[in-house]
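Here is the structure we will look at.
The values are calculated or read from the model by the stated rules, or taken from the named source; none is laboratory data. Note that this is a predicted model, so its numbers are computed, not measured. For neighbour counting, all protein chains shown are included, and Cβ atoms are generated from backbone atoms with ideal geometry for every residue, glycine included. Keep in mind that these areas ignore ligands, DNA and RNA; they rest on the heavy atoms of the full protein, side chains included. Shrake-Rupley method; radii C 1.70, N 1.55, O 1.52, S 1.80 Å.
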Amino acid sequence: MAVTLEQAQRVGYTCLKALLRFAFMVANNLVAIPSYVLYLIMLQPLRVLDSESFWYIEGVLFKWLLAMVASWGWWAGYTVVEWGDDVKAVSEDEAMVLVNHQATGDVCTLMMCLQDKGTVVRQMMWLMDHIFKYTNFGIVSLIHGDFFIRQGRAHREQQLVLLKEHLEKYYRSRNRKWIVLFPEGGFLRKRRETSQAFAKKNNLPFLKHVTLPRVGATQVILKTLVAPQENGTPAGRDAVIKESKSKGLQWVIDTTIAYPRGEPIDIQTWILGYRQPTVTHVHYRIFPVKDVPAEPEALTHWLYQRFIEKEDLLTHFYETGAFPPLQGQTKAISREMTLSNLWLVGIQSLAFLSGGMWYCIFQYFYHCLF
């Protein structure tokens, strides 16, 4: 089939736009990440004198870095609509966020949709595959105190011990509030077949849109971060959220990400922007920690139920284009998440100005020394 001039122009425009976006992303990383590291090196005396203030500043810089990643998708037309419970109501409490995992774009989506949730982004800890340690963002996550988990049965027990030690050392000392993990332990496309075989063998439901979660990391987080007594109350819907006075993990936020037609966005698409503007849908359900069982067998059943519910939510979404209403509601209510372009431009400008400043400082010292 012959290619028309209009089609050729469209392809050329898409390629040019992708090339320019990639160049901008590279430049963005080259100025923002070294600036983040250098600012924190200069602030090391403050870390000794006032650790709380140091980690506050680090959290602000961390949030700005994640906002830059969010801006790549936002300016490409990749937006988010939120459903279910309003997580802003618990943004100042400690919470564990359980997320289904379809592609690398899931992380970018969370970086975007959590930007307007108060202090959450600067006070959150991520659990991610150890391979991310070797990416451009790895040094940032290492400094911030995220945990890199190595997958595989051979490493499982050791990784859970290391996770417990990591939480005890860094979570409270750096004033973290939310911890984000993907209990499925990998992308849907990679784990689905294995999960379905396991489900068939153990007489568990056959899942297509999610996989059965692994319980180990969730159990370690609950054992390590939950206070002996909790007083959380149901969040969202028509309930009034009372300020929790107890310390420790208060909530579990069950987060379900859905892409139109079940076609997830990957990091390449997020960066290059060659896909048409897309609305990603994110559904939240909030559970008080006191309602989550602590015993391993009961916790496994509870966590399986959450992913069975995710399967039902996603099935409904793919059939209707919307999530079903919450219990007690007659109509599902969605909320369009927005970001301020002026704010994003300001952060990007600060990143490039910082990069220029550090370059001038290094040039000055280089000429002084040589």
Inset, instruction - Consider all pairwise Cα distances in the chain and report the whole-number % of them above 36 Å. - result: 25
Inset, instruction - Place a label point 7 angstrom from the Cα of LEU350 along the Cα-to-Cβ direction, then list the residues of the range 21-63 whose backbone nitrogen is under 12 Å away. - result: 36, 57-63
Legend entry - Max mean-square fluctuation residue, GNM over the chain, Cα-Cα springs under 10 Å, options HIS166, HIS283, HIS209: HIS166
Legend entry - Cα-based reach from LYS201 at 16 Å (exclusive), listing aspartates and glutamates while leaving out same-chain residues under 8 positions away: GLU193
Inset, instruction - Return one whole number: the accessible area per residue of the range 235-364 in Å², for a 1.4 Å probe. - result: 54
Inset, instruction - Return the single residue from LEU61, LEU20, LEU160 with maximal mean-square fluctuation; model: Gaussian network over the chain, springs between Cα atoms under 10 Å. - result: LEU20
Inset, instruction - Give me the distance in nm between label points sitting 7 Å out from Cα along the Cα-to-Cβ direction at ALA27 and ILE361, one decimal. - result: 2.2
Legend entry - Pairs of alpha carbons in the range 60-138 whose separation is greater than 21 Å (percent): 30
Inset, instruction - Could you order ARG156, ARG189 so the one with the most accessible surface comes first? Probe is 1.4 Å. - result: ARG189, ARG156
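Starting from 0.36 nm per residue, how many nanometres of slack lie between VAL60 and TYR274 once their C-alpha separation is accounted for?
On the way: separation 214, 0.36 × 214 = 77.04 nm, distance 3.07 nm.
Here the answer is 74.0 nm.
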Legend entry - Fraction of alpha-carbon pairs over 16 Å apart in the range 298-370 - percent: 74
Inset, instruction - May I ask for the net charge around SER173, where only other residues with Cβ less than 12 Å from the Cβ of SER173 are counted and Lys, Arg are +1 while Asp, Glu are -1? - result: +3
Legend entry - 3J(HN,Hα) from dihedral phi, the range 177-187, Karplus parametrisation 6.51/-1.76/1.60, rounded to Hz, x for glycine, proline: 10, 10, 10, 10, 9, 10, x, 5, x, x, 6
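For the full complex of protein chains and a 1.4 angstrom probe, list VAL48, VAL292, VAL26 by accessible area with the highest value first. Kindly include the intermediate steps, with their values, before the conclusion.
On the way: VAL48 125, VAL292 20, VAL26 55 Å².
Listed by decreasing accessible area, they come as VAL48, VAL26, VAL292.
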Inset, instruction - Using only the alpha carbons of the range 31-170, determine the length spanned along each of the three principal axes and report them from longest to shortest in whole angstroms. - result: 42, 38, 31
Inset, instruction - May I ask you to list the residues of the range 28-65 whose amide nitrogen lies under 20 Å from a point 7 Å from Cα along the Cα→beta-carbon direction of TRP75? - result: 28-36, 61-65
Legend entry - Amide H contacts of VAL180 (H built 1.01 Å from N, under 5 Å, at least 5 apart or other chain): VAL97, MET125, TRP126, LEU127
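Multiply the residue gap between TYR39 and PHE198 by 0.36 nm, knock off their C-alpha separation, and tell me the result in nm, one decimal place.
52.4 nm
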Legend entry - Cut-off 14 Å between beta-carbons: net charge of the residues surrounding ARG275, Lys and Arg +1, Asp and Glu -1: +2
